[in-house]
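Taking it in order: structure first as structure tokens, then the write-up.
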Amino acid sequence: DQQVKQNSPSLSVQEGRISILNCDYTNSMFDYFLWYKKYPAEGPTFLISISSIKDKNEDGRFTVFLNKSAKHLSLHIVPSQPGDSAVYFCAASADSGNTPLVFGKGTRLSVIA
Amino acid sequence: EAGVTQFPSHSVIEKGQTVTLRCDPISGHDNLYWYRRVMGKEIKFLLHFVKESKQDESGMPNNRFLAERTGGTYSTLKVQPAELEDSGVYFCASSPLGHLATDTQYFGPGTRLTVL
């Protein structure tokens, strides 16, 4: 049973617009959440994270929002750029990050120029 | 500084054969993780080393998989005998000890294993 779900396998957005990638989780023990970005033939690269004590974390064009009551998080990319085209994985961990990462299946983002 | 490296990048073997994957973590990183992604599915945790000790191997699928990290440096993951369902991309990641392991896990490029 999947504990981290990314229900949209793909997303297409025009350059300059906002990209919103969604992620849901089921395990209430998760208290640390991350987004990884992956280009073809490369390993995942850490993008941004958020602890369950926060509801928002921002880093440049990337913002992650956490809604604990809904067990939902989202990644916003504004403005979207063609170089953002990649697969984005949502991941979660319990015990303040000291347990193994649990990943979603990923969402393929295509930013169209 | 060199990143996490993995060898080989691709491996094609027949069912029943043995394959050994290698991971060289970033120098000085005591945490080493193995993950696997089966096509179209999520990246799944296999096991975690702290130095040469297995900290958590709860994700290892079965006893056909053997991971080692002799001397606490590079690690190998052996699959013997390989089955069709073992096909996928095997990622290795490393992180320094003493930090929040999750936000500093650096991933290698992966080894794509195909079992025919």
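Convert each backbone phi in the range A:21-26 into a coupling constant with the Karplus relation 6.51 cos²θ - 1.76 cosθ + 1.60 (shift: θ = phi - 60°), then list the ³J(HN,Hα) values in order as whole Hz, x for Gly and Pro.
10, 10, 8, 10, 9, 10
Output the pairs from A:K71/B:K51; A:K5/A:K54; A:K54/B:K78; B:K41/B:K78 with a Cα-Cα distance over 29 Å in this structure; if there are none, say none.
Cα-Cα > 29 Å for A:K71/B:K51; A:K54/B:K78; rest within.
What distance in nm lies between label points placed 7 Å from Cα along the C-beta direction at B:K15 and B:L97?
4.3 nm
Which FRET efficiency value, to the nearest 0.05, do you get for B:F7 and A:S69 by plugging their Cβ-Cβ distance into 1/(1 + (r/R0)^6) with R0 = 45 Å?
The value I calculate is 0.50.
Pick from B:L66, B:L77, B:L46: which is most flexible by mean-square fluctuation in a GNM of chain B where alpha carbon atoms under 10 Å apart are linked?
B:L66
log₁₀ I(q)/I(0) of the protein assembly as shown at q = 0.13, 0.16 Å⁻¹, via Debye over equal Cα point scatterers, no solvent, to two decimals?
With one equal scatterer per Cα and no solvent, log10 I(q)/I(0) is -0.76, -1.12.
Work out Dmax and Rg for chain A from the C-alpha atoms and quote the Rg first, both in angstrom.
Taking only Cα atoms of chain A, I get Rg and Dmax of 13.3, 41 Å.
Just to check I understand the Karplus step: with θ = phi - 60° and J = 6.51 cos²θ - 1.76 cosθ + 1.60, what whole-Hz values come out for the range A:78-83, glycine and proline as x?
Per-residue couplings from phi come out as 9, x, 6, 10, x, x Hz.
Per residue, how big is the convex hull around the C-alpha atoms of the range A:37-80? Give it to me in cubic angstrom, could you?
On the way: hull volume 3.9 nm³, N = 44.
Cα convex hull per residue, to the nearest whole number: 89 Å³.
In square nanometres and to one decimal, what's the mean projected area of the convex hull around the Cα atoms of chain B? Let's see the in-between values first.
On the way: hull surface 27.1 nm².
The Cα convex hull of chain B, projected and averaged over all directions, gives 6.8 nm².
How about A:K37: which aspartates and glutamates have a C-alpha closer than 17 Å to its C-alpha, ignoring those fewer than 8 places off in the same chain?
Cross-link targets: A:E58, A:D59, A:D84, B:E42, B:D103.
Each reported figure results from applying straightforward, stated rules to the coordinates on display, with no laboratory input. Just so it is clear, the structure is predicted and the values come from calculations on it, not from any experiment. Cβ sites come from the backbone with ideal geometry, for glycine too, and all protein chains shown count toward neighbours.
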